[in-house]
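Each value in this text was obtained by applying a stated rule to the coordinates, not by laboratory testing. The model shown is predicted, which means the values in this text are computed figures rather than measured ones.
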Amino acid sequence: MSAESLLGNRKASQILFFLFRKRSRVDGLVKNSKLKKPEVVKLLERLLKVGIVDVKKGIYGIDWESFLPVFLRQSMNIYAAAMPWKYIPTYMEEGEEDFIDAACARAERELAKVKVKLAANDLFFKLIQTYFSILATETWAPDDYFEDLRVLDAIGEFEYALLKLLPVIRRQKRTSQESKELYRTLHEWYKQIQGYDTPAGAALRAAFDEHGLLPK
């Protein structure tokens with residue numbers, strides 16, 4: 001199984017959510033996941049193989065350095081879809097024959113740079129660790145909440161959170177260079193996903209406009 005498949009797997013997610021809280025031996029995972037020991041061992045072997053977890057002296061934990069690139073690949077779905085539209089007008093004006101392919105290639109290169117920039121930002125690294133730690137330990141969650149929640153779903157929430165949080169953190173004073181750089185990168189991400197519409201979204205916007213529900 002790939003890393004992405006495991007993050008979308010219900011049983012593997014149960015194990016990972018426990019490991020987001022603290023490192024554990026196999027028996028502790030069996031007790032807390034309510035899975036049978038052979039299942040836990042098999043899933044841990046797969047998670048080790050793709051690098052999402054590590055093991056030291058029989059104690060398993062999240063390998064955050066390996067987890068972060070996977071997080072970035074899966075959290076930028078809207079951003080990845082929106083990026084080519086940023087460059088299409090430029091290539092059309094330049095008379096590029098295959099302007100869509102050119103825009104997609106440019107978007108892919110730029111997206112790779114953004115991922116490298118975020119992965120190198122220690123504040124972003126700590127932010128992601130804290131997010132999953134809080135999510136896995138909050139007492140307000142229903143007892144069965146994590147039985148069905150996939151880690152992949154939790155990753156996907158990041159882009160939607162940006163739409164709500166960026167206008168708020170815009171007003172915050174940033175003192176460190178690291179926080180300033182992180183804000184600039186997240187703000188660019190925010191701008192792209194805020195302005196992007198799927199065909200269904202564009203149709204809905206047009207319908208609202210046709211009935212006078214959008215400002216002129």
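Numbers below:
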item: The chain - percent relative contact order, Cα under 8 Å, separation 6 or more; result: 25 percent
item: Base-10 log of normalised Debye intensity for segment 21-130 (one unit scatterer per alpha-carbon) at q = 0.11, 0.15, 0.18, 0.24 Å⁻¹; result: -0.54, -0.77, -0.92, -1.21
item: 5 Å binning of all Cα-Cα separations within segment 55-111, expressed as whole percents from 0 upward; result: 4, 18, 18, 14, 10, 9, 7, 6, 5, 4, 2, 1, 0
item: Pairs beyond 21 Å (Cα-Cα), from Lys11/Lys42; Lys115/Lys173; Lys11/Lys37; result: Lys115/Lys173
item: Projected area averaged over orientations for segment 69-210, convex hull of C-alpha atoms, nm²; result: 11.9 nm²
item: With 10 Å bins from 0: P(r) over segment 3-62, alpha-carbon pairs, percent; result: 25, 66, 10
item: Cα principal axis extents for segment 147-216, largest first, Å; result: 47, 40, 16
